[in-house]
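For reference, the structure is listed below as structure tokens.
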Amino acid sequence: MEESRELEFIDQAKPVENKVDETTRRSFLAKVSGIAAITAMAPTAFARNFIDKYDPDGPLARYPNPDIVGLDKRFKYKLGNTPIVRLYRGTMWAEGCAWSGVGRYLVWSDIPANEQLRWCEEDGHVGRNFHHPSGNSNGNTFDYQGRQVSFEHGTRRVGRYELDGSYTVLADKAGGKGLNAPNDGAAHPDGWYYFTDPGYGGLMNYEGERLNTGSPQPIQKEAVYRIDAPGKVEKVTDEPFKPNGLCFSPDFKKVYIADTGLSHYPNAKSVIWVYDLDGKKLKNGKVFASMEMDGKVGFADGIRCDEDGNVWAAMGWVGDGYDGVHVFAPDGTRIGQIRMPEIIGNLCFGGSKRNRLFMAGSTSLYAIYVETRGGTLT
């Protein structure tokens, strides 16, 4: 199957100048024939219908894109003549998409490289080292004052980049103990924030600083917290085993939390939780959706709601046909899917009309236009 990945990128319109003997040629043709047969039998196995701005001679996109899949009549967001575009390639592990409406740029994290990158809408250029060092930041968001908030593995804190260029530590401890490794979060219009603290960045030097606790819990029980002001932090739930991605519903009456605890806890389930928002607190937590599909179980990482209340989840750790983006209706039914060639770690809606879905895909940044808009600012 790995050979099929490579052969798929061959452009048969170009002459091959390498000399090969007849045996090699026959072997090659046999492999191609086998791949064609496999592809015909299982057309959903490959996700390659995208335009790569860093490989203009690569495969072309086909309209309508077969990798955007409607699973339910409620999935009405596919456009017939828009491609998936790879905007950038070269990160080690891409995460933390967030859109600045005023700046008209996307910021995202390369966690192992300890930097944040910026893609600018006006000309598509990418600037590395937008923030470097970044504290091995994972998630990013913008609040309703236009300030960037980052959730940092390496420094084990939540930080805010102020409008005057200074930096404020919003949270670095809770309950008298240090945080594990903040992962993701979201801003409320009233001026406070939620964030998750699953601790992955404290388990390895690759994404932060390994703490050598010998436990999936680097310092304290994984939890979700609220920040009311710098240093004023309160736990709101520790029900999810490892709370990861988090987002508000468009009306700010619900909070969705991705749980990736199955990575370390055998009795955990790979699910997205939903809670009612009661003032600043959470109540009535329940499982919103399972990440199992066709007998395979992966993980939902970053999540966002669109204006209709659907949850768009960055998915991965299974392979072709699963990795990408899964879309869930407000009742938890999986209604659509975008199959991608890499694990998608995070996503957000952005662009001038907030109708472009940006996807942080392991080594790349992708984008596609959809017929909906983000339900919240980032």
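One table, with the values for the structure above:
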quantity: Residue satisfying all of: in region 232-243; open to solvent by 10 Å² or more (accessible area, probe 1.4 Å) and in contact with a strand residue (DSSP E or B) (Cβ under 7 Å, 6 or more places away or on another chain); nearest to residue 313 (Cα to Cα) among these; calculated: 241
quantity: Contacts under 7 angstrom Cβ, first residue in region 146-164 being farther than 21 Å from residue 105 by Cα and open to solvent by 30 Å² or more (accessible area, probe 1.4 Å), partner charged (D, E, K, R) and modelled with pLDDT of 95 or more, 6 or more apart; calculated: 156/172; 157/172
quantity: Residue in region 126-134 that is at pLDDT 95 or above and open to solvent by less than 10 Å² (accessible area, probe 1.4 Å) present; calculated: yes
quantity: Selection count where residues are out of contact with any Gly (no Cβ under 8 Å at 6 or more places or on another chain) and acidic (Asp, Glu), scope region 319-341; calculated: 2
quantity: Residue among 265, 275 that is buried (at least 17 other Cβ atoms within 10 Å of the Cβ) and modelled with pLDDT of 95 or more; calculated: 275
quantity: Contacts under 7 angstrom Cβ, first residue in region 68-86 being of a type in the set (Ser, Thr, Tyr), partner open to solvent by 50 Å² or more (accessible area, probe 1.4 Å) and modelled with pLDDT of 95 or more, 6 or more apart; calculated: 77/371; 82/369
quantity: Residue match in region 349-360 (condition: under 21 Å from residue 197 (Cα atoms) and open to solvent by 10 Å² or more (accessible area, probe 1.4 Å)); calculated: no
quantity: Residue that is modelled with the lowest pLDDT, among those in region 201-223 that are within 30 Å of residue 279 (Cβ to Cβ) and open to solvent by 30 Å² or more (accessible area, probe 1.4 Å); calculated: 217
quantity: Segments classed as strands (runs of 3 or more DSSP E), wholly inside region 84-189, with at least 1 members that are within 21 Å of the chain's Cα centre (by Cα); calculated: 84-100, 105-110, 115-120, 126-131, 137-142, 148-152, 157-161, 185-187
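Results for (1) on the phi > 0 side of the Ramachandran plot; (2) open to solvent by 10 Å² or more (accessible area, probe 1.4 Å); (3) of a type in the set (Ser, Thr, Tyr), shown as yes or no for each residue.
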{"site": "311", "(1), (2), (3)": "no, no, no"}
{"site": "324", "(1), (2), (3)": "yes, no, no"}
{"site": "339", "(1), (2), (3)": "no, yes, no"}
{"site": "367", "(1), (2), (3)": "no, no, no"}
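The values are calculated or read from the model by the stated rules, or taken from the named source; none is laboratory data. Just so we're clear, the structure is a prediction, and the values are computed from it rather than from any experiment. Don't worry about glycine lacking a Cβ; one is built from the backbone with ideal geometry, like all the others, and counts go over all protein chains shown. Side chains are part of the model used for accessible areas, which takes the heavy atoms of the whole protein and leaves out ligands, DNA and RNA. Shrake-Rupley method; radii C 1.70, N 1.55, O 1.52, S 1.80 Å.
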